[in-house]
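Asks: Take a look at this one; I'll ask things after.
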Amino acid sequence: MKLNLSVDGKNFKNQVIDLRKKLNECQTNGVLDDGFEEQLNKLSQIEEELLAELIPYYRVYANSIKKTSMQIKPLKQLGAFRFDSFLQTALRINENLFITSSIGGKVQFLYIDVADNFSYRNQIEGEWSPPIKEIKERVSYIYKLSDKEIMLFGVRGGCYLLSCNNFSQMPDVNGQIKIKSIQSDHDFNGFGGCLEINEGLFVVENGDEKFSLFEVIKEKDEYDIVFHKDIYITIQNWTAFEKVNEDYFAVGTKMGELYFIKYENKQLTITEKIKCLNDEIRGIRCLQDENGSKSSIIVLGNNGHLKILSLEDSKPVRIELNDLKGNLFDVQSKKGTAVVLSEDGIIYLLEENFGNWYLNDEVDIKDIFFTNVLKLGISKYLLMDVEGKLNLLEIDRIDTPKYLWDLSLYQ
């Protein structure tokens, strides 16, 4: 097997040997060469790059050393408040803090301890805030304006600005959070489906299958919602949509069609239409590969249908699966993994190696029902069950240079 590495392994080995000789000499004469520490730091960086490039080789060609597995553990819930409904939408504000909206119209913060060393021996903890009493409608979309400001869009047309000087910890919703209603220039009956396609630029659908454009504009420290009522496009029987790139998004339909739509020259234009699935599309998500880039899109459907498309021109198919169990309805992806939920109570895992995605059918978790999956960290996800309780899903796989370094390669 030939390794395609950017690091010259032979040269790296020679530099390590040379540095070791200098260290041995230092131990003898007590004199450390100038530049020794700089050379050591440089070699440490090269080693990190080398280990990162070796990770997929060990996962694919040496999987007898370490096989991927998945485990679920409930979060330890702190405080007096709980999430007692189904999740409508959520936004991760920072490493520890989420803001969520339920289908019952409650907006709550969730603070989670995500220390680097948490494990199954060190249970992570989560705490819910009380609901924000000033918001009394279901929020369909949450958008982070800045480190101190968040905007929420309601299904009945309400728009709310939340501001706080300190989002680094669980805020006091009755004291630290300021809430202001934002008015729009348009007679609008609700943000039923909403998606940010560029900074401050959104598309919205409010029940008439027409996707319209609006902007969030800030002038003199005040925000306004400006609708471009003449810029719209109609997609009949739409079911799901997802941002693909700046000013570019995809829309799925009940007939399994996938539309790619571009905003340019002050209009929304269908750039491509694909017959993607032979069933209703239930979810669309960009997949994040191991390097953090998003070059593929996953489309979920009823009756176990799933397809992954490249986002290159002509959208070639990377994977097509038609024999999974149940209706597939939710997916999240981070750093080379993707977790898919089925209505049949199955959790599926997709992994990426060398730019290719594949289903790891040896690690499915069955007969356990969750309603939502959220990204938490590399190989770590949050799962919400039908009672609103949170669980940690940890994927045990070679995913970091440190993991590979610590691995017992010879057993």
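The values are calculated or read from the model by the stated rules, or taken from the named source; none is laboratory data. What you are looking at is a predicted structure, and each value in this text was computed from that prediction instead of being measured. Heads up, the Cβs are rebuilt from the backbone with ideal geometry, glycines too, and the neighbour counts pull from every protein chain shown. Side chains are part of the model used for accessible areas, which takes the heavy atoms of the whole protein and leaves out ligands, DNA and RNA. Shrake-Rupley method; radii C 1.70, N 1.55, O 1.52, S 1.80 Å.
Asks: If you go through the range 246-255 one residue at a time, do you hit one that is touching a strand residue (DSSP E or B) at 6+ places or on another chain (Cβ under 7 Å) and among the polar types (S, T, N, Q)? Steps first, answer last, please.
Replies: Going through the range 246-255, the residues touching a strand residue (DSSP E or B) at 6+ places or on another chain (Cβ under 7 Å) turn out to be 246-254.
Then drop every residue that is not among the polar types (S, T, N, Q), which leaves 253.
Yes, the range 246-255 has at least one match.
Asks: Name the single residue, out of those in the range 284-303 being in contact with a Leu (Cβ under 7 Å, 6 or more places away or on another chain) and surrounded by 20 or more Cβ atoms within 10 Å (Cβ to Cβ), that is farthest from Ile346 (Cα to Cα).
Replies: Looking at the filtered set, the residue picked out is Ser296.
Asks: Moving on. Run Glu320 past the list (1) assigned to a strand (DSSP E or B); (2) in contact (Cβ under 8 Å) with a residue 40 or more places away in the chain; (3) not aromatic (Phe, Trp, Tyr) and report the number of the one that doesn't hold.
Replies: Of the numbered conditions (1) assigned to a strand (DSSP E or B); (2) in contact (Cβ under 8 Å) with a residue 40 or more places away in the chain; (3) not aromatic (Phe, Trp, Tyr), the odd one out for Glu320 is (2).
Asks: Turning to a different aspect of this structure: Going residue by residue through the range 51-61, is there one that turns out to be closer than 17 Å to Trp405 by Cα and touching a Phe, Trp or Tyr at 6+ places or on another chain (Cβ under 7 Å)?
Replies: yes
Asks: Of all the residues that make up the range 192-249, how many are part of a strand (DSSP E or B), within 17 Å of Lys273 (Cα to Cα) and of a type in the set (Val, Ile, Thr)?
Replies: Total satisfying the criteria: 4.
Asks: Could we say that Ser293 is under 24 Å from Arg397 (Cβ atoms), among the polar types (S, T, N, Q) and in contact with a Gly (Cβ under 8 Å, 6 or more places away or on another chain) here?
Replies: On the way: under 24 Å from Arg397 (Cβ atoms): yes; among the polar types (S, T, N, Q): yes; in contact with a Gly (Cβ under 8 Å, 6 or more places away or on another chain): no.
Answer is no for this residue.
Asks: Now for a separate question. Filter the range 111-124 down to residues that are surrounded by 14 or more Cβ atoms within 10 Å (Cβ to Cβ) and not in a loop (DSSP other than H, G, I, E, B) and give me whichever is modelled with the highest pLDDT. Give the steps one after another, and end with the answer.
Replies: Step one: filter the range 111-124 for residues surrounded by 14 or more Cβ atoms within 10 Å (Cβ to Cβ), giving 111-114, 118, 124.
Still in the running and not in a loop (DSSP other than H, G, I, E, B): 111-112.
Values: Tyr111: 96, Ile112: 93.
Here the residue is Tyr111.
Asks: With the checklist (1) more than 28 Å from Gly200 (Cα to Cα); (2) in a strand (DSSP E or B); (3) under 22 Å from the mean Cα position of the chain (by Cα) in hand, flag the one item Ile274 doesn't pass.
Replies: That leaves (3) as the condition not met.
Asks: Of all residues in the range 7-24, count the ones that are open to solvent by 100 Å² or more (accessible area, probe 1.4 Å) and either touching a residue at least 40 places away in the same chain (Cβ under 8 Å) or farther than 11 Å from Leu43 by Cα (or both). Steps first, please.
Replies: Step one: list which residues in the range 7-24 are open to solvent by 100 Å² or more (accessible area, probe 1.4 Å), which gives 10, 13, 20-21.
So of that shortlist, the ones also either touching a residue at least 40 places away in the same chain (Cβ under 8 Å) or farther than 11 Å from Leu43 by Cα (or both) come out as 10, 20-21.
Qualifying residue count, the range 7-24: 3.
Asks: Exactly one of (1) in contact (Cβ under 8 Å) with a residue 12 or more places away in the chain; (2) part of a loop (DSSP other than H, G, I, E, B); (3) surrounded by fewer than 21 Cβ atoms within 10 Å (Cβ to Cβ) is unmet by Thr269. Its number?
Replies: The single condition Thr269 does not satisfy is (2).
Asks: Keeping to the range 143-189, report how many residues are assigned to a strand (DSSP E or B) and open to solvent by 10 Å² or more (accessible area, probe 1.4 Å).
Replies: Final tally of qualifying residues: 11.
Asks: Need the failing condition index for Glu343 against (1) more than 18 Å from Lys254 (Cα to Cα); (2) open to solvent by 30 Å² or more (accessible area, probe 1.4 Å); (3) charged (D, E, K, R), just the number.
Replies: For Glu343, the exception is condition (1).
Asks: Would you please name the residue that is least open to solvent (accessible area, probe 1.4 Å), looking only at residues in the range 218-235 that are closer than 13 Å to Gln183 by Cβ and touching a strand residue (DSSP E or B) at 6+ places or on another chain (Cβ under 7 Å)?
Replies: Let us first name the residues in the range 218-235 that are closer than 13 Å to Gln183 by Cβ, namely 222-227.
Then drop every residue that is not touching a strand residue (DSSP E or B) at 6+ places or on another chain (Cβ under 7 Å), which leaves 223-227.
Working: Tyr223: 27, Asp224: 69, Ile225: 3, Val226: 38, Phe227: 23 Å².
Taking the candidates together, the pick is Ile225.
Asks: Kindly evaluate Gln108 against the criterion of being polar (S, T, N, Q) and modelled with pLDDT of 95 or more. Show your work before the answer.
Replies: Numbers: polar (S, T, N, Q): yes; modelled with pLDDT of 95 or more: yes.
So Gln108 passes the test.
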